[in-house]
Amino acid sequence: MMEYDPVFFSRTLTGLTLAFHILYATIGVGIPLMIAIAQWIGIKKNDEHYILLARRWTRGFVITVAVGVVTGTAIGLQLSLLWPNFMELAGHVISLPLFLETFAFFFEAIFLGIYLYTWDRFENQKKHMLLLIPVAIGASFSAFFITMVNAFMNTPQGFDLVNGALVNVDPIAAMFNPATPTKVAHVLTTAYMTSAFVLASIAAFHLFKGRDHIYHKKSLYLMMKVGLIFSIATVIVGDFSGKFLAEYQPEKLAAAEWHFETEEGAPLMMFGWLDENGEVQGAIKIPYALSILAHSDPFAEVKGLNEFPEDELPPLIVHYFFDLMVTIGMWLTFISAFYWLAVKRKWKVIKNKLFNFILVLSGPLAFIAIEMGWFYAEFGRQHGFSVGL
Amino acid sequence: MDLAIIGVSVLWLFLFGYIIIASIDFGAGFFSAYSEIANTKHVLHHIIQRYLSPVWEVTNVFLVFFFVGMVGFFPSAAFYYGTVLLVPVSISIVLLAIRGSYYAFQTYGAKDSKFYVLLYGVAGLLIPASLSIVLTISEGGFVEMVGENPVLLYKELFFSPLTWSIVILSVVSVLYISATFLTAYADVAEDFKAREILRKYSLAWSGPTILSAGLIIWQLRQHNELHFANIMDIWWVFALSGVFFAITVLFLWRRKYYSLAFWSLIIQFGLAFFGYGVSHYPYLLYPYLTIYDGFTNDAMAQALIIAFIAGFALLVPSILLLARLFLFNRTYVKGEEQRRY
């Protein structure tokens, strides 16, 4: 029998809801931009296909927003219900971005409603497209603000703790904590990237089923291109994130890389497993790569897990989450670049059924990467809601 | 004026906005479901859908706004209420999820399932009922401190007549607000068949609304004397609210000025709601928590108020735009323009 442990159950419940919500939130942030791109190209090229694409995506998008609103409301309430103590602290220090997030979402919801029901009210398509700008801005800003809250949980600042009481609260400093820039950039680029690949998957699926219409080809090509751009952006941001972790949360980076001993010129371990002596077996070893990731210097010293007290270490399973996330990211960058080249050079492979099937997988893979990244971020600081609190 | 009062007024204003908008939404959903049984679907369905489609997303945000603001301005309230409300609000979450998924499916164009429509309609009445428990609890007497932690006394809560009168008020006023709004909406749309049915609903629910409101005041006298005395100090606010109630009913009865009837209803509820809020002052949770011991630090309060003003400056024009396009636009409301998907 499992012992009843409210902390465990609360964690599981919140975790489950969030794991579900994050998928909807991710495409909720990215898709408005994709709709805007499609409509813009449609107007510029005077091509009905792109306009139709924008319309269909909007229809689908509304459903995800509906689900996102409900899960989002549930999470907000759940946090207060299950973690009242944390919310009290959060209320004192970090409620400003939460408050702003609601505003941003409000803004998005209003204009989405207007956009959705005014397709035929404007003579000029461009005016209708203008309505999408507040939607996209609202969506991106709500991600921006909510990520700030998560960043704060990783590197809390903007207050002093004196005898258990919070003093000298500075809401702005709490918002712009050290984790904010890399976290926000990572969340935004991956949201755009994931949305592009999800939409590309849908188009690839139609082609895979043999619906050989030019409409699907245009959609696939456009989204693969957008996906490629944002994957490259994600790689660059990922590099910054590595350096951030090395400086502020070295134990998280070390756990992700199974980097046990502090050393100079540290190699990067991919996958593998631990044998009974705690040695890493069967991993792909890339010499010096970890030092480069952490400090842009192949011979730099990277702190290992041995430097931290045992009870503060993140669970070692995060290594797999991290590696899976990075591998999928790399794969998506590669496959979209390959597809782009193949189309440019008119290689026959793009007509191949198997290749189309591989493209269909990009969307689900991107989702898995998002979940892995989320698990990594959350398991990585499981011992407390906020680091060091 | 101090920051705590500004904060609580802002939140109260948003809660009022939520109550009106959500009532229209919940009630419309219920009438829409009811029309399936009462065989009036062909008359009511069109007008209700036309209103609901573009605005339903906005409704939930008001609620989120209220509790995010609550956590921001009054972190201690988040602690007290968060601990106590685990069960009632979890029920509300499930109900909100049912309604949300209905919207998702409906937009997707999946086949209409009668059962699902009914579920959606009933959920719309149960949500206000379950959320109204919060107001009951705030009156005191249902929470006990065990050590540092507040604990909800379920038995007392369940068997208290006050609980049930507040539940009844929340349900009947949802139906009343919604029916009155939709009557005015149908009138603008010149859909006279729908208007006649909705006007009947509106008149039918007006009596129960005012009766249950009176019942609550009477019960507060036994339950929370201080609050009752405060209400009596500003009795004229409630009397004025009653006058506006009479105006609404009169207009509806004589089939005149339907839009004005709805505005008068807003004033009626506004007066009663703010009268209730003022007489509740200074307690957030009687007798444990006032707005002053629960208030956040000054730096955060100022930041929140600045953010609020900036945000409001963006929101008001956008809400007006939404209203202009879908509520006060005769061609849209009548459904004359072409729509293709």
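From the list B:A97, B:A129, exactly one residue is more than 7 Å from chain A (Cβ to nearest Cβ), at pLDDT 80 or above and assigned to a helix (DSSP H, G or I). Which is it?
Numbers: B:A97 fails: more than 7 Å from chain A (Cβ to nearest Cβ).
It is B:A129.
Among the residues of region B:242-254, are any modelled with pLDDT under 90, buried (at least 19 other Cβ atoms within 10 Å of the Cβ) and within 22 Å of B:S132 (Cβ to Cβ)?
First, pick out the residues of region B:242-254 that are modelled with pLDDT under 90: none.
Within region B:242-254 (the criterion being modelled with pLDDT under 90, buried (at least 19 other Cβ atoms within 10 Å of the Cβ) and within 22 Å of B:S132 (Cβ to Cβ)), the answer is no, since none of the residues qualifies.
Here's the yes/no breakdown for (1) farther than 29 Å from A:M153 by Cβ; (2) touching a helix residue (DSSP H, G or I) at 6+ places or on another chain (Cβ under 8 Å); (3) hydrophobic (A, V, I, L, M, F, W, C); (4) not assigned by TED's automatic domain parsing to the domain that holds A:A196:
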residue: A:V235; (1), (2), (3), (4): no, yes, yes, no
residue: A:A256; (1), (2), (3), (4): no, yes, yes, no
residue: A:T262; (1), (2), (3), (4): no, yes, no, no
residue: A:P267; (1), (2), (3), (4): yes, yes, no, no
residue: A:L274; (1), (2), (3), (4): no, no, yes, no
residue: A:I286; (1), (2), (3), (4): yes, no, yes, no
residue: A:A294; (1), (2), (3), (4): no, yes, yes, no
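Going by the conditions given, is B:V64 within 12 Å of chain A (Cβ to nearest Cβ) and assigned to a helix (DSSP H, G or I)? Spell out the reasoning first.
Working: within 12 Å of chain A (Cβ to nearest Cβ): yes; assigned to a helix (DSSP H, G or I): yes.
In short, yes.
Quick check on region A:104-112. Is at least one of its residues under 19 Å from A:T26 (Cβ atoms), in contact with an Asp or Glu (Cβ under 6 Å, 6 or more places away or on another chain) and buried (at least 19 other Cβ atoms within 10 Å of the Cβ)?
yes
Among the residues that make up region B:214-224, is at least one of them buried (at least 21 other Cβ atoms within 10 Å of the Cβ) and over 28 Å from B:Y80 (Cβ atoms)?
Checked region B:214-224: no residue is buried (at least 21 other Cβ atoms within 10 Å of the Cβ) and over 28 Å from B:Y80 (Cβ atoms).
Could you please give the count of residues in region B:216-275 that are outside any helix (DSSP H, G or I) and touching a Ser or Thr at 6+ places or on another chain (Cβ under 7 Å)? Give the steps one after another, and end with the answer.
Narrowing region B:216-275 to residues outside any helix (DSSP H, G or I): B:224, B:234, B:254-257.
Now restrict to residues that are touching a Ser or Thr at 6+ places or on another chain (Cβ under 7 Å): B:234.
Number of matching residues: 1.
May I ask you to list the residues in region B:172-197 that are more than 19 Å from the chain's Cα centre (by Cα) and either part of a loop (DSSP other than H, G, I, E, B) or hydrophobic (A, V, I, L, M, F, W, C) (or both)?
At the first step, the residues of region B:172-197 found to be more than 19 Å from the chain's Cα centre (by Cα) are B:186-197.
The answer is B:A186, B:V188, B:A189, B:E190, B:D191, B:F192, B:A194, B:I197.
Filter region B:16-56 down to residues that are among the hydrophobic types (A, V, I, L, M, F, W, C) and within 14 Å of chain A (Cβ to nearest Cβ), then give me how many there are. Please lay out each step first, then the result.
Going residue by residue through region B:16-56, those that are among the hydrophobic types (A, V, I, L, M, F, W, C) are B:16, B:19-22, B:24, B:26, B:28, B:30-31, B:33, B:37-38, B:43-44, B:47-48, B:52, B:55-56.
Remaining after also requiring within 14 Å of chain A (Cβ to nearest Cβ): B:21-22, B:52, B:55-56.
Summing the residues that are among the hydrophobic types (A, V, I, L, M, F, W, C) and within 14 Å of chain A (Cβ to nearest Cβ) in region B:16-56 gives 5.
Please indicate, with yes or no, whether at least one residue in region B:317-327 is within 20 Å of B:A179 (Cβ to Cβ), away from chain A (no Cβ under 14 Å) and either without any contact (Cβ under 8 Å) to a residue 12 or more places away in the chain or touching a Phe, Trp or Tyr at 6+ places or on another chain (Cβ under 7 Å) (or both).
Scanning region B:317-327 turns up no residue that is within 20 Å of B:A179 (Cβ to Cβ), away from chain A (no Cβ under 14 Å) and either without any contact (Cβ under 8 Å) to a residue 12 or more places away in the chain or touching a Phe, Trp or Tyr at 6+ places or on another chain (Cβ under 7 Å) (or both).
Going by the structure shown, is B:T331 touching an Asp or Glu at 6+ places or on another chain (Cβ under 6 Å) and within 14 Å of chain A (Cβ to nearest Cβ)?
Here the answer is yes, as B:T331 does meet what is asked.
Wholly within region A:1-111, which helices (runs of 4 or more DSSP H) include no fewer than the required count, namely at least 1 residues that are away from chain B (no Cβ under 14 Å)? Lay out the reasoning, then the answer.
Working: elements: A:6-45, A:48-82, A:84-93.
So the answer is A:6-45, A:48-82.
Can you confirm whether B:Y120 is among the hydroxyl-bearing types (S, T, Y), under 20 Å from the mean Cα position of the chain (by Cα) and within 14 Å of chain A (Cβ to nearest Cβ)?
Working: among the hydroxyl-bearing types (S, T, Y): yes; under 20 Å from the mean Cα position of the chain (by Cα): yes; within 14 Å of chain A (Cβ to nearest Cβ): yes.
In short, yes.
Listed here are the residues, each with its yes/no results for (1) surrounded by 23 or more Cβ atoms within 10 Å (Cβ to Cβ); (2) in a helix (DSSP H, G or I); (3) touching a residue at least 60 places away in the same chain (Cβ under 8 Å); (4) more than 7 Å from chain A (Cβ to nearest Cβ).
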residue: B:V58; (1), (2), (3), (4): no, yes, yes, no
residue: B:V71; (1), (2), (3), (4): yes, yes, no, no
residue: B:A77; (1), (2), (3), (4): yes, yes, yes, yes
residue: B:G82; (1), (2), (3), (4): yes, yes, no, no
residue: B:I91; (1), (2), (3), (4): no, yes, no, yes
residue: B:A104; (1), (2), (3), (4): no, yes, no, no
residue: B:L125; (1), (2), (3), (4): no, yes, yes, yes
residue: B:M145; (1), (2), (3), (4): no, no, yes, yes
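The values are calculated or read from the model by the stated rules, or taken from the named source; none is laboratory data. Everything numeric in this text was worked out from a predicted model, so none of it was measured. Reconstructed Cβ throughout: ideal geometry from the backbone, glycine too, with neighbour counts over all protein chains shown.
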